[in-house]
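**Student:** Here it is: the structure, laid out below.
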Amino acid sequence: MGESGLHVTGLRARYGRGEDVLHGVDLHAPRGACTALLGPNGSGKSTLLKAILGLVPSLGEIRLDGAEFASVSPSERARRVAYVPQRSLLTAQLPVRSVVDLGRFAHRGALGGAGAEDGSVVDAALEECRVAHLAERAFTALSGGEQQRVLLARALATGAEVLLLDEPTSSQDVRHVLELHAVLQRLAERGCAVVAVLHDLSEARAHADRVVLLERGRVHAAGSARSLIVEGPVRTVYGVEPVEGEGLGYRRLADGQEPAR
């Protein structure tokens with residue numbers, strides 16, 4: 001089990017000829033858990049995801065279930081690791097169903113068309129992310145929060161074992177934040193390794209199993225959410241002091257229970 005999941009060792013990354021943004025980062029995101037990347041703006045959270053994906057040049061070791069990630073073919077990577085960016089650069093007027101279906105391309109040959117299984121997988125992803133009612137809408141006409149849920153559905157459609165999400169709740173209202181975390185927890189329970197960049201410490205403490213706390217491109221600490229989102233680490237990294245008992249807590253309505261109008 002020690003090799004299970006995503007292992008990153010000594011990862012260094014930079015943009016262009018500038019200074020390093022990541023300084024020898026170590027990360028373990030085990031299967032069966034939701035891991036939150038936390039840290040102030042500019043601490044390297046988004047860069048870490050992009051470096052893992054090869055979108056930013058980097059040095060270091062990345063292993064997936066014990067195998068070197070660099071040795072895995074691009075098509076196999078696309079089947080095993082899915083990425084949900086902060087926002088989509090898609091400008092084509094594609095319907096939502098077609099956007100989610102893009103997640104199935106790695107499972108087809110170069111000229112392969114969509115099959116019955118692809119359609120079933122896409123339908124399931126739309127339903128799980130609560131966007132089935134938007135299936136025929138143009139993706140570019142959706143709100144930012146709706147687009148993020150569609151991008152998550154696209155990631156689910158890949159069937160990937162590792163999900164990397166960059167601020168997936170930044171445009172979501174409180175109800176959809178809870179629904180999204182419920183989806184991520186179900187994926188973890190199915191054996192996926194889930195890694196999400198989050199900003200809200202209360203959200204991370206409530207929903208993440210593990211936390212990696214970044215500070216200026218280095219790992220300040222890693223461990224359980226409840227052991228790290230406490231006064232000492234928060235004061236050191238964020239320069240603030242948590243106040244117990246402040247704020248509101250929320251929970252999802254039971255399935256079938258509708259909100260009062």
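**Student:** For the stretch 55-149, which helices (runs of 4 or more DSSP H) that fit wholly inside it have 3 or more residues that are within 20 Å of Gly159 (Cα to Cα) and among the aliphatic types (A, V, I, L, M)?
**Tutor:** Hits in the stretch 55-149: 96-101, 116-128.
**Student:** Consider only pairs whose beta carbons are under 9 Å apart and that are at least six residues apart or on different chains; among these, list those whose first residue lies in the stretch 54-74 and is more than 13 Å from Glu3 (Cα to Cα) and whose second residue is open to solvent by 80 Å² or more (accessible area, probe 1.4 Å) and assigned to a loop (DSSP other than H, G, I, E, B).
**Tutor:** From the stretch 54-74, the pairs are Val56/Tyr15; Pro57/Tyr15.
**Student:** Residues Glu68, Glu3, Glu19: which one is closer than 22 Å to Leu184 by Cα, out of contact with any Phe, Trp or Tyr (no Cβ under 9 Å at 6 or more places or on another chain) and open to solvent by 20 Å² or more (accessible area, probe 1.4 Å)?
**Tutor:** Glu3
**Student:** Follow-up question, since we're still on this one. Given (1) at pLDDT 95 or above; (2) over 20 Å from the mean Cα position of the chain (by Cα); (3) not aliphatic (A, V, I, L, M), identify the lone condition not met by Gly112.
**Tutor:** Only one criterion is unmet by Gly112, namely (1).
**Student:** Pick out the one residue from Gly217, Gly239, Gly232 that is small (Gly, Ala, Ser) and open to solvent by less than 20 Å² (accessible area, probe 1.4 Å).
**Tutor:** Step by step, each of Gly217, Gly239, Gly232 is checked, and only Gly217 is small (Gly, Ala, Ser) and open to solvent by less than 20 Å² (accessible area, probe 1.4 Å).
**Student:** Among the numbered conditions (1) part of a loop (DSSP other than H, G, I, E, B); (2) touching a residue at least 60 places away in the same chain (Cβ under 8 Å); (3) under 12 Å from Leu164 (Cβ atoms), tell me where Leu27 comes up short.
**Tutor:** It fails just one condition, (1).
**Student:** While we're on this one: Give just the number: which of (1) under 20 Å from Leu213 (Cβ atoms); (2) assigned to a loop (DSSP other than H, G, I, E, B); (3) out of contact with any Leu (no Cβ under 6 Å at 6 or more places or on another chain); (4) open to solvent by less than 60 Å² (accessible area, probe 1.4 Å) does Asn41 not satisfy?
**Tutor:** Of the numbered conditions (1) under 20 Å from Leu213 (Cβ atoms); (2) assigned to a loop (DSSP other than H, G, I, E, B); (3) out of contact with any Leu (no Cβ under 6 Å at 6 or more places or on another chain); (4) open to solvent by less than 60 Å² (accessible area, probe 1.4 Å), the odd one out for Asn41 is (4).
**Student:** I'd like to verify a number: residues in the stretch 154-198 that are farther than 27 Å from Pro95 by Cβ, of a type outside the set (Val, Ile, Thr) and open to solvent by 40 Å² or more (accessible area, probe 1.4 Å), how many?
**Tutor:** Residues flagged as farther than 27 Å from Pro95 by Cβ, of a type outside the set (Val, Ile, Thr) and open to solvent by 40 Å² or more (accessible area, probe 1.4 Å) within the stretch 154-198 amount to 4.
The values are calculated or read from the model by the stated rules, or taken from the named source; none is laboratory data. A quick note: this is a predicted structure, and the numbers were derived from the prediction, not measured. No Cβ is skipped: glycine too gets one built from the backbone with ideal geometry, and neighbour counts run over all protein chains shown. What goes into the accessible areas is simple: the full protein's heavy atoms, side chains included, and nothing from ligands, DNA or RNA. Shrake-Rupley method; radii C 1.70, N 1.55, O 1.52, S 1.80 Å.
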